[in-house]
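Have a look at the structure below, then the notes.
The values are calculated or read from the model by the stated rules, or taken from the named source; none is laboratory data. Just so it is clear, the model here is predicted, and its values are computed rather than measured. Cβ: placed from backbone, ideal geometry, glycine included. Neighbour counts: every protein chain shown. With ligands, DNA and RNA removed, areas are computed over all heavy atoms of the protein, side chains included. Shrake-Rupley method; radii C 1.70, N 1.55, O 1.52, S 1.80 Å.
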Amino acid sequence: MLSSFSAGSSVDVNVEDLIALCSVPGVSGREENVRNEISKLLRVENGQLKTDKIGNLLYEKFGTENHKEILIMAHMDEIGFYITSVREDGKLEVRNVGGIIEDAIQGSFVEIITRGGVIPGVIGAVPPHLKADGVNFDKVIDVGAKSKDEVLILGIDVMDYAVFKKHYAILNNDYIAMRSLDDRFGCYTLVECSRGFSNKSKVVFAWTVQEEVGLRGAKALATNYSPDVAIAVDSFACCSKQNRHIELGKGPVIRALDNSSISDVEYVRYMISIAKDNGIPIQIGATGGGNDASVFVEKGVPMIALSVPVRYLHSQVEMISLTDLWNLIRLLKKFLEVY
């Protein structure tokens with residue numbers, strides 16, 4: 001059993017809960033199963049839990065003073081595929097959801113989520129033996145059906161969705177590799193930060209939808225909330241020329257700059273001071289992509305993005321350090337205690 005991971009006396013991560021969250025399928029626009037899993041993990045204390053019209057899960061937790069309001073977001077959706085048509089030969093044509101690495105698609109196991117359940121399938125590859133014959137890769141899902149009628153009998157239809165079949169590995173007693181750690185580690189972080197201590201300000205924990213296709217859930221939240229600060233907990237892609245100094249195992253990361261936002265410098269400095277005062281290792285860097293908190297800047301709300309380094313982001317083997325994850329939870333809890 002993996003109920004609790006311990007790489008040291010100060011590290012305590014419930015790996016079973018994390019793996020359970022990562023295992024739930026939920027592409028952009030179809031996050032309902034993820035939302036249900038998160039709801040099971042939550043313990044509502046001194047607040048209310050609700051779901052808005054587009055599917056964002058919200059836990060509004062009152063604080064000891066409530067003079068300020070903090071909005072903390074992590075997105076529930078993952079990359080995957082929508083079934084766009086069923087061919088007469090029984091193959092399923094698909095459309096990517098989010099930034100899928102095309103080179104990683106060939107030779108993949110997938111799972112198709114239908115109204116009746118989960119159907120296994122594969123995305124094939126062209127063997128080297130046939131490349132000389134001019135055979136090209138056909139990005140379709142093969143479920144073993146010989147005709148369109150067989151596909152329909154299986155219960156598969158247009159606009160069902162598919163995700164890569166998920167496996168996990170614990171590596172060197174500190175790292176976990178698994179598809180959809182982006183951003184289920186963030187979802188797990190919010191669950192952990194919502195319980196077990198007293199927050200000073202009112203906190204709105206938001207598990208958002210449709211981040212991978214344009215921060216849609218966060219944009220909806222921005223029409224209803226105007227907090228004192230917006231915080232995104234999302235992945236930090238490492239490690240390349242722009243952030244080679246960022247390393248797994250050296251602490252959570254302040255995502256100071258990405259393609260969508262620049263974290264507020266005063267909040268960056270505040271987070272660094274909290275980390276130093278509490279002996280929490282911290283890193284700061286720039287990366288690509290966008291984050292949910294960025295949409296609040298246009299409303300005049302300062303934002304900051306927090307993360308852990310993620311190796312092989314948007315692949316089937318996304319990897320993080322469990323120690324980094326625990327320190328991220330510690331950092332956020334300390335912030336919520338004093339802000």
Report task. Specify which residue in the list Phe335, Pro127, Val191 is farthest towards the positive end of the charge dipole of the chain, using unit charges on the beta carbon of Lys, Arg (+1) and Asp, Glu (-1), about the Cα centre. Result -> Phe335
Query raised in the report: What's the extension gain from Ser273 to Arg115 if we count 0.36 nm per residue and subtract their Cα-Cα distance?
Result: 51.9 nm
Query raised in the report: So for the chain, taking the charge dipole from beta-carbon charges (+1 Lys/Arg, -1 Asp/Glu), which of Asn136, Leu58, Ile304 sits furthest toward the positive end?
Result: Ile304
Requested in this report: Identify, among Leu313, Val233, Ile246, the residue whose Cα sits farthest towards the positive end of the charge dipole of segment 187-338, taking +1 on the Cβ of Lys and Arg and -1 on the Cβ of Asp and Glu, with the dipole about the Cα centre.
Outcome: Ile246
**Report entry** Pair-distance profile P(r), taking every C-alpha pair of segment 204-332, with 10 angstrom steps and integer %
**Finding:** 13, 44, 35, 7
Query raised in the report: Angle between the Cα long axis of helix 265-277 and the longest principal axis of the chain, 0 to 90 degrees, nearest 10?
Result: 80 degrees
Query raised in the report: So what is the calculated 222 nm ellipticity per residue for the chain, using -39500 (n - 2.57) for each DSSP H run with n of 4 or more, over all residues, to the nearest 500 deg cm²/dmol?
Result: -7000 deg cm²/dmol
Query - Distance between segment 81-141 and segment 169-233 - C-alpha centres, whole angstrom - result: 30 Å
Report task. Sort the following peptides by mean Cβ neighbour count (other Cβ atoms within 10 Å, averaged over residues), highest first: 173-182, 309-318. Result -> 173-182, 309-318
**Report entry** Per-selection metrics, segment 156-232 (Cα): Rg and Dmax in Å
**Finding:** 16.5, 49
Query raised in the report: Quick one: putting +1 on the C-beta of Lys and Arg, -1 on the C-beta of Asp and Glu, what dipole do you get for segment 49-188 around its Cα centre, in Debye to the nearest 20?
Result: 180 debye
Query raised in the report: Which angle from 0 to 90°, rounded to the nearest 10, does the C-alpha axis of helix 322-338 make with the longest principal axis of the chain?
Result: 40 degrees
**Report entry** Solitary cysteines of the chain, where the nearest other Cys Cβ is not under 4.7 Å
**Finding:** Cys22, Cys187, Cys193
Report summary line: With all protein chains present, segment 116-244 has a carbon and sulfur share of its accessible area (1.4 Å probe) in percent of 51 percent
Requested in this report: Compute the acute angle (0 to 90°) between the alpha-carbon long axis of helix 32-41 and the principal axis of greatest extent of the alpha-carbon atoms of the chain; round to the nearest 10°.
Outcome: 40 degrees
Report task. With a ≥ b ≥ c taken as the square roots of the eigenvalues of the C-alpha gyration tensor of segment 258-339, please select rounded if a/c is under 1.5 and otherwise prolate if a/b is larger than b/c or oblate if it is not? Result -> oblate
Query raised in the report: Taking the Cα centre of the chain as the origin, how large is its charge dipole in debye, to the nearest 20, when only Lys and Arg (+1) and Asp and Glu (-1) carry charge on their Cβ atoms?
Result: 540 debye
Query raised in the report: Using Cα pairs under 8 angstrom and six or more residues apart, how large is the relative contact order of segment 187-314, in percent?
Result: 35 percent
Query raised in the report: When the chain is fully extended, how far beyond the present Cα-Cα distance does Met159 get from Arg195, taking 0.36 nm per residue of separation?
Result: 9.3 nm
Requested in this report: Just the number, please: carbon plus sulfur as a percent of the accessible area of segment 260-336, 1.4 Å probe, no ligands or DNA/RNA counted.
Outcome: 56 percent
Query - the chain, accessible area per residue, ligands and nucleic acids excluded (1.4 Å, Å²) - result: 43 Å²
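To the nearest 20 Debye, how big is the dipole of segment 1-115 about its Cα centre, given +1 on the beta carbon of each Lys and Arg and -1 on that of each Asp and Glu?
Values: 12 positive and 19 negative charges, 69 e Å.
It works out to roughly 340 debye.
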